[in-house]
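Student: Sharing a structure, written as structure tokens. Questions coming.
The values are calculated or read from the model by the stated rules, or taken from the named source; none is laboratory data. A quick note: this is a predicted structure, and the numbers were derived from the prediction, not measured. Heads up, the Cβs are rebuilt from the backbone with ideal geometry, glycines too, and the neighbour counts pull from every protein chain shown.
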Amino acid sequence: MASANPLDSIYFVKIPADAKFSSEAMKIDSSVELPVQKKNLDDPVEEDFAKLSEEQILSGILTVLAYDRENKNSAYYRKLITDIRPNIKKELAEAAILKAHDEEWELAEEIWLAVHGIDPEDYAIILNLAIFYDQKADSFRRNTLNEDADAFDDLALTYYKKVLDSDKELPDGYFNAGFFYLKKSEYGEAKACFESFLALTSDKSDEELGENGGYKKERAQEIINKISNRNLESDRFHDAYKYISSGQEEKGLEEIRKFLVDNPAVWNAWFLLGWGLRRLGRFADAKAAFLKARECEGGDENADTLNELAICQMETGDTEEAYDTLKEALSMDCENTKVISNLGFLSLKLGKTDEAKKYFEVVLELDPEDKIAKEELKKL
């Protein structure tokens, strides 16, 4: 998040009684000061309304709506900006989606907060904010900025809960929240979300649900079945994940081993066991756990499993195996920057610096903010 306060870039001006923005605009209340966005932070305050551009006023209003939700004139500012620019909410939402796609996170966040400020009761916008922070967290975690990623996950959860707790039943809210909980290995919550999604869409045709409607229903049911069949709602599995992810690996390993006694064919459990062991530096044992995960149904379909296995193979000196494993993982997910980065490190380990450089360059093409790849290229 930006460290500077965005509200420092605005000031307020008095409006002449006869002022107006356009012939279509509503009558301006001259008793209400309007916010003005400075072009540069060090610019002097311009109090002559006639010398200010309409864009400076609109930008100032957006900044207030985004960052000063308690402003006593917010309702007036919302009415004014939507009267002047009737399509502004749609235009800004489209711009925010594009910026997020290009991983221009700070700008995308500013735009989404402004859109939310224009219409705080629009739950489709609130859902988009949840998805945005969810994606931003994933990007930061790929760059090993785990504390920031956790903070953005918390923000995503806040907005997901607003959607799920509202009277507005948005099926896509439950669908996207389901995947968020899957990411956090909170399988009970994930299953409940996907079940709610199916309940809300049970009487709707694929056409009514729009693009990918049929696929979403099939995918939701598939995930529900897997969670149930693998007993992933178990408190023991949940506790194991919580312990390991919070640095209490020994407690987590104890819980997951107990889970495996009754659920020996669940690849997710073997993965969790391997993850905990790898975090403790027990690479040979972790390698065995990841190999066991691959033997279970579904365990050989996940690039993350193969990536973790390859890390252990590198640490145990099985470099040829590691290379084959990473190549297989890359064939499953050709844009997985963790896999590509590890191919770079393995190439360095084998003395293939030119090849390593190419891998790190590919990582930066996919994610220009990847700090690890930047650092390694500097060294090279």
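Student: Taking into account only those residues within region 195-207 that are touching an Asp or Glu at 6+ places or on another chain (Cβ under 9 Å) and not small (Gly, Ala, Ser), which is surrounded by the fewest Cβ atoms within 10 Å (Cβ to Cβ)? Even if it seems obvious, please write down each step before you answer.
Tutor: From region 195-207, those touching an Asp or Glu at 6+ places or on another chain (Cβ under 9 Å) are 196-197, 200-201; that's our starting set.
Subset that is not small (Gly, Ala, Ser): 197, 200-201.
On the way: 197: 25, 200: 17, 201: 20.
Filtering first and then ranking leaves 200.
Student: If I filter region 1-29 down to residues being more than 17 Å from residue 80 (Cβ to Cβ), loosely packed, with under 10 Cβ neighbours inside 10 Å and among the polar types (S, T, N, Q), which single residue comes out as modelled with the lowest pLDDT?
Tutor: Among them, the one singled out is 3.
Student: Any idea which of 319, 337 is in contact with a Lys or Arg (Cβ under 8 Å, 6 or more places away or on another chain), free of Cβ contacts under 8 Å to residues at least 40 places away in the same chain and assigned by TED's automatic domain parsing to the domain that holds residue 282?
Tutor: Working: 337 fails: free of Cβ contacts under 8 Å to residues at least 40 places away in the same chain.
Matching residue, one of 319, 337: 319.
Student: Going by the structure shown, is residue 269 in contact (Cβ under 8 Å) with a residue 24 or more places away in the chain and closer than 30 Å to residue 172 by Cα?
Tutor: Answer is yes for this residue.
Student: Right, here's the next one. Looking at region 249-258, can you tell me whether even one residue there is within 20 Å of residue 302 (Cα to Cα) and at pLDDT 90 or above?
Tutor: The first filter runs over region 249-258 and keeps only residues within 20 Å of residue 302 (Cα to Cα), leaving 256.
Next, only the ones that are at pLDDT 90 or above stay: 256.
The answer is yes; a qualifying residue exists.
Student: Consider region 241-270. How many of its residues are in a helix (DSSP H, G or I), farther than 29 Å from residue 198 by Cα and under 27 Å from the mean Cα position of the chain (by Cα)?
Tutor: 6
Student: Please enumerate the residues belonging to region 208-222 that are assigned to a helix (DSSP H, G or I) and either aromatic (Phe, Trp, Tyr) or surrounded by fewer than 19 Cβ atoms within 10 Å (Cβ to Cβ) (or both). Reasoning before the result, please.
Tutor: Filtering region 208-222 down to residues assigned to a helix (DSSP H, G or I) leaves 208-209, 213-222.
Residues satisfying the conditions are 208, 209, 213, 214, 215, 218, 219, 221, 222.
Student: In the set 195, 211, which member is of a type outside the set (Gly, Ala, Ser), under 25 Å from the mean Cα position of the chain (by Cα), under 17 Å from residue 179 (Cα atoms) and not assigned by TED's automatic domain parsing to the domain that holds residue 278?
Tutor: Working: 211 fails: under 17 Å from residue 179 (Cα atoms).
Result of the check over 195, 211: 195.
Student: I'd like the full set of residues that are modelled with pLDDT under 95 and under 19 Å from residue 231 (Cβ atoms), limited to region 168-188.
Tutor: The answer is 182, 184, 185, 186, 187, 188.
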